[in-house]
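Just below is one structure, and these are the notes that go with it.
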Amino acid sequence: MTQTTIQYTLKHEFLSEILKLYHAIDLPLHDNDFGPQIYSEFQKFSLVILFRRSKKVLRDFIAELYETKWLSWLDFKQMPSKSVLHNWCKKYTVGFIRQLNRTLLQNETPTLMAVDATGVDAYLRSKHYEKRARLEPKFNKLSIFIDVKNHLIYDHVLQMKPRHDVKSAERIFKRTSLREVKILGDKGYDSEPLHEVAQSKQNRLFAPVRESSRNNPKGWNRRRCTKGDEQYNQRSNVETVFTA
């Protein structure tokens with residue numbers, strides 16, 4: 001009989017969650033029918049998740065992995081090299097991550113969301129090395145869309161070049177499957193067309209109006225936002241997610 005599922009004696013809560021997610025997206029046991037099958041798809045999938053979760057560079061992650069029980073828990077017979085793990089990371093594309101995120105959140109029913117952007121280090125280089133080599137730090141812009149109640153991330157956009165926050169928010173609002181939710185944003189999202197994009201998906205955006213010489217801003221939705229919102233103080237939860 002062909003094996004179609006992974007059987008594990010659960011030893012860690014996070015391992016249990018990874019296993020449930022693996023079966024939910026219906027990945028095969030191996031990604032090749034011929035040739036060596038040294039690592040299972042579950043082992044690859046799990047190690048990439050652990051690496052992303054660690055927020056470390058590959059070299060440090062591999063070195064510290066030997067000091068943990070994860071190699072035993074995942075039944076690794078031999079440790080993958082840095083280059084092998086790097087190839088696994090490239091295999092799981094942004095599209096795959098979005099599919100993973102949708103599967104993880106499919107049973108959630110949020111009512112209050114928030115959107116925000118921040119700069120992230122593009123290279124994760126040592127600051128000491130940058131200073132000695134006189135290298136200029138480079139930052140990309142990361143926008144995230146979260147449930148303010150439980151801090152779950154529903155979508156993200158990573159921009160390699162400087163662009164206005166509204167552009168990223170438009171992409172997020174257009175592809176969301178959420179309906180009838182309130183979305184909180186800062187003054188950077190004060191845009192009547194952006195309000196209209198949110199409304200096209202039956203959602204409502206609240207963003208404080210930027211200071212202007214006009215007493216009455218253009219746009220019905222922008223004028224609505226001048227009245228304030230009693231839940232706006234919860235928008236800061238999105239900044240908590242950035243620092244987590």
field: Verdict on VAL115 being free of Cβ contacts under 8 Å to residues at least 24 places away in the same chain and in a strand (DSSP E or B)
entry: no
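Determine which member of the set VAL84, VAL148 is modelled with pLDDT of 80 or more and touching a strand residue (DSSP E or B) at 6+ places or on another chain (Cβ under 9 Å).
On the way: VAL84 fails: touching a strand residue (DSSP E or B) at 6+ places or on another chain (Cβ under 9 Å).
Of the residues listed, the single one that is modelled with pLDDT of 80 or more and touching a strand residue (DSSP E or B) at 6+ places or on another chain (Cβ under 9 Å) is VAL148.
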- request: Give the range 126-175 a look and list any residue that's assigned to a strand (DSSP E or B) and among the aromatic types (Phe, Trp, Tyr), or say none.
  value: PHE139, PHE145, TYR154
- request: Would you check if VAL120 is closer than 26 Å to GLU239 by Cβ, modelled with pLDDT under 80 and assigned by TED's automatic domain parsing to the domain that holds LYS44?
  value: no
- line: (1) farther than 23 Å from LEU100 by Cα; (2) in a loop (DSSP other than H, G, I, E, B); (3) free of Cβ contacts under 8 Å to residues at least 40 places away in the same chain all hold for ARG179 apart from (1)
The range 21-51, residues that are modelled with pLDDT of 85 or more and of a type in the set (Phe, Trp, Tyr): TYR39, PHE42, PHE45, PHE51
message: Can you say whether ASP155 is of a type in the set (D, E, K, R), under 17 Å from the mean Cα position of the chain (by Cα) and surrounded by 18 or more Cβ atoms within 10 Å (Cβ to Cβ), as far as the supplied structure shows?
response: yes
query: Tally time: how many residues in the range 206-231 are surrounded by fewer than 17 Cβ atoms within 10 Å (Cβ to Cβ) and among the aromatic types (Phe, Trp, Tyr)?
result: 1
statement: Taking the range 5-20 and keeping residues more than 22 Å from GLN106 (Cβ to Cβ) and at pLDDT below 65 leaves GLN7, TYR8, THR9, LEU10, LYS11
Subset of the range 225-244 [in contact (Cβ under 8 Å) with a residue 12 or more places away in the chain, outside any loop (DSSP other than H, G, I, E, B) and more than 14 Å from ILE183 (Cα to Cα)]: GLU239, THR240, VAL241, PHE242
field: Answer residue from the range 164-196, given it is among the hydroxyl-bearing types (Ser, Thr, Tyr) and more than 18 Å from the chain's Cα centre (by Cα) and is surrounded by the fewest Cβ atoms within 10 Å (Cβ to Cβ) among those
entry: SER191
- request: Return yes or no: is ILE144 in contact with a helix residue (DSSP H, G or I) (Cβ under 7 Å, 6 or more places away or on another chain), in the same structural domain as ARG204 (by TED's automatic domain parsing), surrounded by 16 or more Cβ atoms within 10 Å (Cβ to Cβ) and under 25 Å from PHE14 (Cα atoms)?
  value: yes
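Per-residue answers, yes or no, for (1) assigned by TED's automatic domain parsing to the domain that holds PHE206; (2) within 16 Å of ALA198 (Cβ to Cβ); (3) polar (S, T, N, Q):
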| position | (1), (2), (3) |
| --- | --- |
| LEU85 | no, no, no |
| CYS89 | no, no, no |
| LYS149 | yes, no, no |
| LEU152 | yes, no, no |
| HIS156 | yes, no, no |
| ILE172 | yes, yes, no |
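Going by the conditions given, is PHE206 modelled with pLDDT of 90 or more, under 16 Å from MET113 (Cβ atoms) and among the aromatic types (Phe, Trp, Tyr)? Full working, then the answer.
Details: modelled with pLDDT of 90 or more: yes; under 16 Å from MET113 (Cβ atoms): yes; among the aromatic types (Phe, Trp, Tyr): yes.
Yes, satisfied.
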field: Test: residue in the range 193-202 that is closer than 30 Å to GLN106 by Cα and not in a helix (DSSP H, G or I)
entry: yes
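The values are calculated or read from the model by the stated rules, or taken from the named source; none is laboratory data. Small disclaimer: the values here were computed from a predicted structure and weren't measured. Neighbour counts run over all protein chains shown; Cβ positions are idealised from the backbone, glycine included.
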